[in-house]
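**Q** Quick one: the structure is below, questions incoming.
Values quoted throughout were computed directly from the atomic coordinates according to the rules given, and no laboratory measurement underlies them. All of these numbers come straight from a predicted model, not from anything done at the bench. With ideal geometry, Cβ positions are generated from the backbone for all residues, glycine too; neighbour counts draw on all protein chains shown.
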Amino acid sequence: AQKITQTQPGMFVQEKEAVTLDCTYDTSDPSYGLFWYKQPSSGEMIFLIYQGSYDQQNATEGRYSLNFQKARKSANLVISASQLGDSAMYFCAMREQEYGNKLVFGAGTILRVKS
Amino acid sequence: SAVISQKPSRDICQRGTSLTIQCQVDSQVTMMFWYRQQPGQSLTLIATANQGSEATYESGFVIDKFPISRPNLTFSTLTVSNLSPEDSSIYLCSYDNLNTEAFFGQGTRLTVV
C-alpha cells in the first residue's frame, strides 16, 4: 500500500480564492510527522508546514493551514487567498520514527493559480 | 532553523564520468539525507548519511554507484559515479532536526549527455 497518497495530479484555483490539496497516509507507527513542501519550477523544495501525530491543534503558517484528521489519516493542505506565485508542485510527506525518520513523499499535486 | 547550502546547482556531465555534490549546513544537525527526483517524478530517498560511519542505503541504491561521505555534523557529499543518461535527475540533500523541521538544499540538476 502507498504510504502517502495525493489523488489530485493537478488543480486550478482562481487568484484570491482558497484551495485544498488532499493527502492521505498509511502508518501503524503512533509517532509520525506530516510535512508539506512547495516545489517551484526552479526545483528547490520549500518547507511549508508540519503536523505531528500527537499535536492536538491543526498547524498553521501564514496562509497555509493543515486540516489534520487523524482517524481518517488525512492531512490536507489549505492555501488561503491564493496568489499567482503559489503556482507550483506541492508534495505531502511523512516521517515515521520506526522507519529511521526518513521522509516518504506522495506523487505531488500541480497547482495553477489563474488571474 | 539551520541554513543548508548545496552545490553545484546544476551540471552537464559526460557519460562515464562522476559528479560530486556538496551539502553544507551552518550548524550541527543529527540527520542528513540524500534524495533523487527523476524527471516528472516524486522524491526518492537514496541514503541516510551517518556521521563517522557508512551511509545507510535504500533498496535499489548501492554504495559503488552513490558513495556518500559525512565527515562531521555539518557537511556531506554525494557522488554519482559512472554516469549514464538515466542518472539525469535533481539530487537534493536535506537535514532533519527530528522535531518540526526538515529542510532541503537548493538541489542539483544533473544532465548526462
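**Q** Could you check how many residues of the stretch B:69-111 are among the aliphatic types (A, V, I, L, M) and within 14 Å of chain A (Cβ to nearest Cβ)?
**A** Counting residues in the stretch B:69-111 that are among the aliphatic types (A, V, I, L, M) and within 14 Å of chain A (Cβ to nearest Cβ) gives 5.
**Q** Now for a separate question. For the stretch A:45-115, which strands (runs of 3 or more DSSP E) that fit wholly inside it have 2 or more residues that are surrounded by 14 or more Cβ atoms within 10 Å (Cβ to Cβ) and touching a Cys at 6+ places or on another chain (Cβ under 7 Å)?
**A** A:74-79
**Q** Quick check on this structure: which one of B:G40, B:G52 is part of a loop (DSSP other than H, G, I, E, B) and either at the interface with chain A (Cβ under 10 Å from one of its Cβ atoms) or buried (at least 20 other Cβ atoms within 10 Å of the Cβ) (or both)? Can you show your working first?
**A** Values: B:G52 fails: either at the interface with chain A (Cβ under 10 Å from one of its Cβ atoms) or buried (at least 20 other Cβ atoms within 10 Å of the Cβ) (or both).
One residue alone meets the criteria, B:G40.
**Q** For the stretch B:64-103, how many residues meet the condition of being under 22 Å from B:C13 (Cβ atoms) and either loosely packed, with under 13 Cβ neighbours inside 10 Å or small (G, A, S) (or both)?
**A** Adding up the residues that qualify gives 10.
To keep it simple, each residue is scored yes or no on (1) among the aromatic types (F, W, Y); (2) under 14 Å from the mean Cα position of the chain (by Cα); (3) assigned to a loop (DSSP other than H, G, I, E, B).
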{"site": "B:S59", "(1), (2), (3)": "no, no, yes"}
{"site": "B:I63", "(1), (2), (3)": "no, yes, yes"}
{"site": "B:R70", "(1), (2), (3)": "no, yes, no"}
{"site": "B:T77", "(1), (2), (3)": "no, yes, no"}
{"site": "B:L83", "(1), (2), (3)": "no, no, yes"}
{"site": "B:E86", "(1), (2), (3)": "no, no, no"}
{"site": "B:I90", "(1), (2), (3)": "no, yes, no"}
{"site": "B:Y95", "(1), (2), (3)": "yes, yes, no"}
{"site": "B:L98", "(1), (2), (3)": "no, no, yes"}
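**Q** Failed condition for B:W34, given (1) more than 12 Å from chain A (Cβ to nearest Cβ); (2) touching a residue at least 24 places away in the same chain (Cβ under 8 Å); (3) part of a strand (DSSP E or B), with all others met?
**A** Only one criterion is unmet by B:W34, namely (1).
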